[in-house]
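Undergrad: Mind looking over this structure? Questions follow.
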Amino acid sequence: MLLALAPLSTAGAGPVPCPAALTAQIDGLYRWQVARQDASGAIDLTSQRERFTPALYQQLDDAFRLSPADGRFVDSDVFSGTQVRTFGARVLGCAPAGQDSLEAQVSVEVGLLNRPSGTPVQLRYRMQPTGTGAWRIADISYPGEPGFTLTRFLSELLESPNKNQPRR
């Protein structure tokens, strides 16, 4: 899932500021991501559960439990769309994304070892309100054509390679 580091094109007017609670969810996710990326072993998302919609959390949790022995596994950083290190992220702004959802434009600084590339990856986070003033991550769109989303990637990854075997 190594993706180009090209910016996403945005149609229409530029983004507007995001609600503080939405920005806090994404900022917190990247603080966690930067701190945990040197850890070995399976990724444990338990502490991040409330940042995601229940459906996306379950997909991520199931996918992170896969290993090469399963014949499929997550081999990239889903929070940058790359196979390199994440140094941080900045929420650039929001735009309506249908019904009550917002799309947050996020600039993710990535690079090798201890050197950021200088060309951030531009992601779009689809965020859903919880009804209590909080926001949850429902999906991530990655740059490039055709459009590619985290939920589609995870759905395809979690599909059983043998149609006669049940899903994990």
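Undergrad: Kindly evaluate residue 132 against the criterion of being farther than 13 Å from residue 30 by Cα, surrounded by fewer than 20 Cβ atoms within 10 Å (Cβ to Cβ) and without any contact (Cβ under 8 Å) to a residue 12 or more places away in the chain.
TA: Numbers: farther than 13 Å from residue 30 by Cα: yes; surrounded by fewer than 20 Cβ atoms within 10 Å (Cβ to Cβ): yes; without any contact (Cβ under 8 Å) to a residue 12 or more places away in the chain: yes.
So residue 132 fits the description; yes.
Undergrad: Now a separate question. Go through (1) under 20 Å from residue 42 (Cβ atoms); (2) over 12 Å from the mean Cα position of the chain (by Cα); (3) modelled with pLDDT under 95 and name the single condition residue 144 misses.
TA: For residue 144, the failing item is (1).
Undergrad: Please list, ordered by first then second residue, the pairs with beta carbon atoms under 9 Å, 6 or more apart or interchain, first in the stretch 27-49 and over 18 Å from residue 137 (Cβ atoms), second in a helix (DSSP H, G or I) and open to solvent by less than 80 Å² (accessible area, probe 1.4 Å).
TA: Listed pairs, sorted by first residue: 42/64.
For every residue, the table says whether it meets (1) in a loop (DSSP other than H, G, I, E, B); (2) open to solvent by 80 Å² or more (accessible area, probe 1.4 Å); (3) under 21 Å from residue 132 (Cβ atoms); (4) in contact with a Pro (Cβ under 6 Å, 6 or more places away or on another chain).
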| site | (1), (2), (3), (4) |
| --- | --- |
| 30 | no, no, no, no |
| 35 | no, yes, no, no |
| 49 | no, yes, yes, no |
| 55 | no, no, yes, no |
| 61 | no, no, no, no |
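Undergrad: Which of the residues that make up the stretch 78-97 are farther than 17 Å from residue 23 by Cβ, out of contact with any Pro (no Cβ under 8 Å at 6 or more places or on another chain) and open to solvent by 20 Å² or more (accessible area, probe 1.4 Å)?
TA: 83, 84, 85
Undergrad: Quick one: residue 119 ticks every box in (1) among the hydroxyl-bearing types (Ser, Thr, Tyr); (2) farther than 20 Å from residue 32 by Cβ; (3) open to solvent by less than 60 Å² (accessible area, probe 1.4 Å) except a single one, so which number is it?
TA: Unmet for residue 119, out of (1) among the hydroxyl-bearing types (Ser, Thr, Tyr); (2) farther than 20 Å from residue 32 by Cβ; (3) open to solvent by less than 60 Å² (accessible area, probe 1.4 Å): (3).
Undergrad: Right, here's the next one. Which residue pairs have Cβ atoms under 9 Å apart, sit 6 or more places apart or on different chains, and have a first residue in the stretch 102-128 that is in a strand (DSSP E or B) and at pLDDT below 95 and a second that is among the aliphatic types (A, V, I, L, M) and open to solvent by less than 40 Å² (accessible area, probe 1.4 Å)?
TA: Close Cβ pairs (under 9 Å, with a partner that is among the aliphatic types (A, V, I, L, M) and open to solvent by less than 40 Å² (accessible area, probe 1.4 Å)) amount to 116/110.
Undergrad: Oh, and also: Pairs under 8 Å by beta carbon, first residue in contact (Cβ under 8 Å) with a residue 12 or more places away in the chain in the stretch 72-87, partner assigned to a loop (DSSP other than H, G, I, E, B) and among the aromatic types (Phe, Trp, Tyr), six or more apart or different chains?
TA: Close Cβ pairs satisfying both conditions: 86/79.
The values are calculated or read from the model by the stated rules, or taken from the named source; none is laboratory data. This is a predicted model, so every value here is computed, not measured. Ideal geometry is used to build each Cβ from the backbone, glycine not excepted, and the neighbour counts take in all protein chains shown. Just the protein is used for accessible areas: all its heavy atoms, side chains included, with ligands, DNA and RNA removed. Shrake-Rupley method; radii C 1.70, N 1.55, O 1.52, S 1.80 Å.
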